[in-house]
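First comes the structure, then the notes that go with it.
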Amino acid sequence: MAEKCLVNSSCNSSSNNTFSLYCFQKRTTIQSNLRNVSTTSCSSFKKGFYIRSSNVSPNRAFKRFIILESSKRKRVPLFVMMPEDTFGIDTSGNAKIKKIRAIAASLKALKLAGVHGITVEVWWGIVERSSPSEYNWQVYEELFKLISDSGLKLHVALSFHASMHLTTNGKQGVSLPLWVMEIGRLNNDIYYRDRHGFSNHDYLTLGVDRVPIFCGRTALQCYEDFMLSFKNKFEHLMGSVIKEISIGLGPSGELRYPAHPTNDGRWRFPGIGEFQCYDKYMMEDLDLVACIAGKPEWGCKGPQNAGCYNSVPDGVPFFDYGPESYVSEYGQFFLEWYSGNLLRHADVILEKAAKMLKKYQNDGPDSVLLVAKIAVVYWWYYTGSHPAELTAGYYNTPLRDGYDPLALMLSRHGAALRVSCFEMTDHDMPRDYQCGPEGLLRQIWTVSKERLVQLTGQNETEIFDTQGLMQIIANCYNPHRAGVKSFTYSRMNAKVFIPENWNKFSRFVRHMNLE
């Protein structure tokens, strides 16, 4: 989502890019905006970080930054995500691996560089493509064997969303299953809908979680059957090759509402987004909950004063402090319902996944880590109302920690939390948009530590520069925070293997492998 949002750091003044040298001692506090770390060699990195100051020539800009506590950390396994165009559809309608020879060569190169494993999206729209309850795993059997034969491990991302994007030849990518889309043609309310009536076809609305309209099954039953079929098919790889399994919980696999759609032009950064609850199933639920609360007038619609997709918070009544704002009795009621439904959606799916993986969740060498991914909605984070987070379903305000209930739910299921934006700093962002990727990451880190939830990391934007890669390392090995279980680099493509980029990436991998 935020790959559309990267802003060139040159917009900041030089004073914001100047860094002082701090020596690591056991009693010192690490500065949260540690940035621009690079190294001269793998061997020198064992002895310490080197901080680059923007006021010094790049060739003379490396200063020693001793690491004491972080050097005692266990290494963070590095996974690399497969390309977006890994799969295609042949003339007979079956999925196939595209450019298989190039992929095989790339996997060997990644293994030699020291990469731990590969992240593969396992698409609902490919496996159960044509008919309900008919699963075709052939293309994944082939790909998993290719990866395993290369000596690499697997992070499997079970993906119940679509990944369609516009090209000069129309839309390309992976859709939802064809039979699901056919149901959607007759009943468009199976998708999330905004107050204008526009639908998002990337993921089924959580309003149909318990509605048996998918050839006699509910959406939750479809997800459960898919997960069970996957487990039965690849149980022989569990723990030995498959080391992590993330469960898709929304658009882009993230637990969120599609409040900031990037594929149809409705939203652009840094718009606050819009609430997505206007399909008939969610509105029926809102009406019921409002009646139970003794406020039937609250059940007929969502907030009508919350602006539009590309609004900024200033001047939007719902995100102010007036009598009809998010802090009003109605505002609190609506946001509790909106965010609560999202948490319950994840709770049920992860409970089913945890039961299936129970025998592999023993923290031993053959264990499998269960993972859930959330979106990092960092724009307007430093405002009082956090509007972009609220529309996405994260009820996070100065009066309420929106990520603590999430961490508590994950803790019950022994699931790790996957968070992106490890390469970002607040200084990279334009000040006018009150962006806080570092502040948000600190908040998530804090609640995860309190709730004993493990974190896994990922980069939000395509990243090849040394500064961004070293920021990832600094976040992964921060000695004053909970350890990061693993990191996923997004993603493998032709740019990675350009010599200049490959040299930087290889050094990054070596640094990640140091204990």
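The values are calculated or read from the model by the stated rules, or taken from the named source; none is laboratory data. Bear in mind that the values here come from a model prediction, so they are computed numbers and not experimental data. Ideal geometry is used to build each Cβ from the backbone, glycine not excepted, and the neighbour counts take in all protein chains shown. To get the accessible areas, we keep the full protein, side chains included, count just its heavy atoms, and leave off ligands, DNA and RNA. Shrake-Rupley method; radii C 1.70, N 1.55, O 1.52, S 1.80 Å.
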Going through the range 283-303 in order, the residues found to be within 12 Å of residue 330 (Cα to Cα) and under 30 Å from the mean Cα position of the chain (by Cα) are 301, 302, 303
Among the residues of the range 468-509, the number that are more than 19 Å from the chain's Cα centre (by Cα), buried (at least 17 other Cβ atoms within 10 Å of the Cβ) and assigned to a helix (DSSP H, G or I) is 9
A careful count of residues in the range 90-109 that are over 16 Å from residue 493 (Cβ atoms), part of a strand (DSSP E or B) and open to solvent by less than 80 Å² (accessible area, probe 1.4 Å) gives 1
- Query: For residue 161, are the conditions met, namely being closer than 27 Å to residue 308 by Cα and either hydrophobic (A, V, I, L, M, F, W, C) or not in a strand (DSSP E or B) (or both)?
  - Reply: yes
_Please verify whether residue 74 is over 24 Å from the mean Cα position of the chain (by Cα) and either within 23 Å of residue 513 (Cα to Cα) or modelled with pLDDT of 50 or more (or both), treating the condition exactly as stated._
no
Here, helices (runs of 4 or more DSSP H) confined to the range 368-459 with at least 3 residues that are within 14 Å of the chain's Cα centre (by Cα), surrounded by 24 or more Cβ atoms within 10 Å (Cβ to Cβ) and of a type in the set (Lys, Arg) are none
Inside the range 286-300, the number of residues satisfying the requirement of being charged (D, E, K, R) and in contact with a Cys (Cβ under 9 Å, 6 or more places away or on another chain) is 1
Determine whether residue 141 is open to solvent by less than 40 Å² (accessible area, probe 1.4 Å), charged (D, E, K, R) and over 24 Å from residue 485 (Cα atoms). no
Condition set part of a loop (DSSP other than H, G, I, E, B) and of a type in the set (D, E, K, R), scope the range 206-227, selection most open to solvent (accessible area, probe 1.4 Å): answer is 210
Taking the range 205-224 and keeping residues out of contact with any Pro (no Cβ under 9 Å at 6 or more places or on another chain) and closer than 30 Å to residue 359 by Cα leaves 206, 209, 210, 219, 220, 223, 224
Checked 476, 435, 421 against criteria (touching a helix residue (DSSP H, G or I) at 6+ places or on another chain (Cβ under 9 Å), on the phi > 0 side of the Ramachandran plot and not small (Gly, Ala, Ser)); the one match is 421
Subset of the range 291-310, residues surrounded by fewer than 20 Cβ atoms within 10 Å (Cβ to Cβ) and either under 22 Å from residue 399 (Cβ atoms) or aromatic (Phe, Trp, Tyr) (or both), comes to 293, 295, 298, 305, 309
Scanning the range 164-205 for residues that are open to solvent by 10 Å² or more (accessible area, probe 1.4 Å) and part of a loop (DSSP other than H, G, I, E, B) gives 168, 169, 175, 187, 195, 196, 197, 198
When residue 84 is run through (1) modelled with pLDDT of 95 or more; (2) in a loop (DSSP other than H, G, I, E, B); (3) closer than 16 Å to residue 248 by Cβ, the failure sits at (1)
In the range 125-148, residues that are more than 19 Å from residue 235 (Cβ to Cβ) and part of a helix (DSSP H, G or I) total 3
All conditions in (1) closer than 25 Å to residue 282 by Cα; (2) in a helix (DSSP H, G or I) are true of residue 354 except (1)
